[in-house]
Amino acid sequence: MATAEICNSLPYDRLSDPLGRREEAADRAKRSGGGSPGFTCAQPLVEAADAAFGDVKVELDFAFTESVDFAKDVFGRGREDSRKDMPDKELVEVNDVGREATRLNFDKPTDMHQVRELQVWDSNLPLTVTITAEARHQPKAEGLKPMDTKVDSFARGVLDALRT
């Protein structure tokens, strides 16, 4: 019950422009694997007339580690694994989101199908925010910056919501 309340109380409205609005309750599930307790939230967003993207899905993976040091270690190993497993993908350090955050851009900026992943750690919480979306028009690299800014704002809002 608590995880359903958390999934449904997150600030999805921070993503509404350019990604769409929330219309239905988020799905939640127990985390599979990873060794730490946690859960996932999956929230589709409904395409708005002025949204730059459609068929948007927001997924969050929460893990609660036994200590802050272990969370930091998990985050660092995840970042290094990403660099090794996907050397051709861009890994960008993100400031002002949790204690540390890294964005992994899976797709080329001009691809119609976009996957944006933000890995965050704060306190004993490693958190991954993954956004998948289909562009309504041919995207340009500069057109993805507003989406990344909104994802960063959303992640900050998620951390704030968990603290309250």
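Tell me the carbon and sulfur percent of the accessible area for region 67-164, rounded to whole percent, probe radius 1.4 Å.
Using a 1.4 Å probe with all protein chains present, region 67-164 comes out at 48 percent carbon and sulfur.
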For this session: With label points built 7 Å along Cα→Cβ from the Cα atoms of Asp81 and Lys57, find their separation and express it in nm.
Result: 2.0 nm
Problem set entry | Semi-axis lengths (Å, descending) of the ellipsoid that matches the C-alpha gyration tensor of region 96-164 | 25, 11, 9
Seminar exercise, completed: Per the 1/(1 + (r/R0)^6) rule, R0 = 25 Å and r from the Cβ atoms of Lys145 and Asp13, FRET efficiency to 0.05 is 0.80
For this session: Can you tell me what the convex hull of the Cα atoms of region 32-162 projects to on average, as an area in nm²?
Result: 8.1 nm²
Exercise. Going through region 37-143, which GluC sites (Glu not before Pro) have at most 12 other Cβ atoms within 10 Å and a DSSP loop state?
Worked result: Glu66
Problem set entry | Spin-label pair Thr164/Val68, simplified geometry with 7 Å Cα→Cβ offset, distance in nm | 2.4 nm
Problem set entry | Estimated FRET transfer efficiency when R0 is 30 angstrom, pair Glu93-Arg21 (beta carbons, to 0.05) | 0.50
Seminar exercise, completed: Count of lysine pairs, the chain, Cα-Cα under 16 Å, sep. 8 or more residues or interchain, comes to 4
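The values are calculated or read from the model by the stated rules, or taken from the named source; none is laboratory data. If you're wondering where the values come from, they're calculated on a predicted model, not measured in any experiment. All Cβ positions, glycine included, derive from the backbone under ideal geometry; neighbour counts span all protein chains shown. SASA here: full protein model, heavy atoms, side chains in, ligands and nucleic acids out. Shrake-Rupley method; radii C 1.70, N 1.55, O 1.52, S 1.80 Å.
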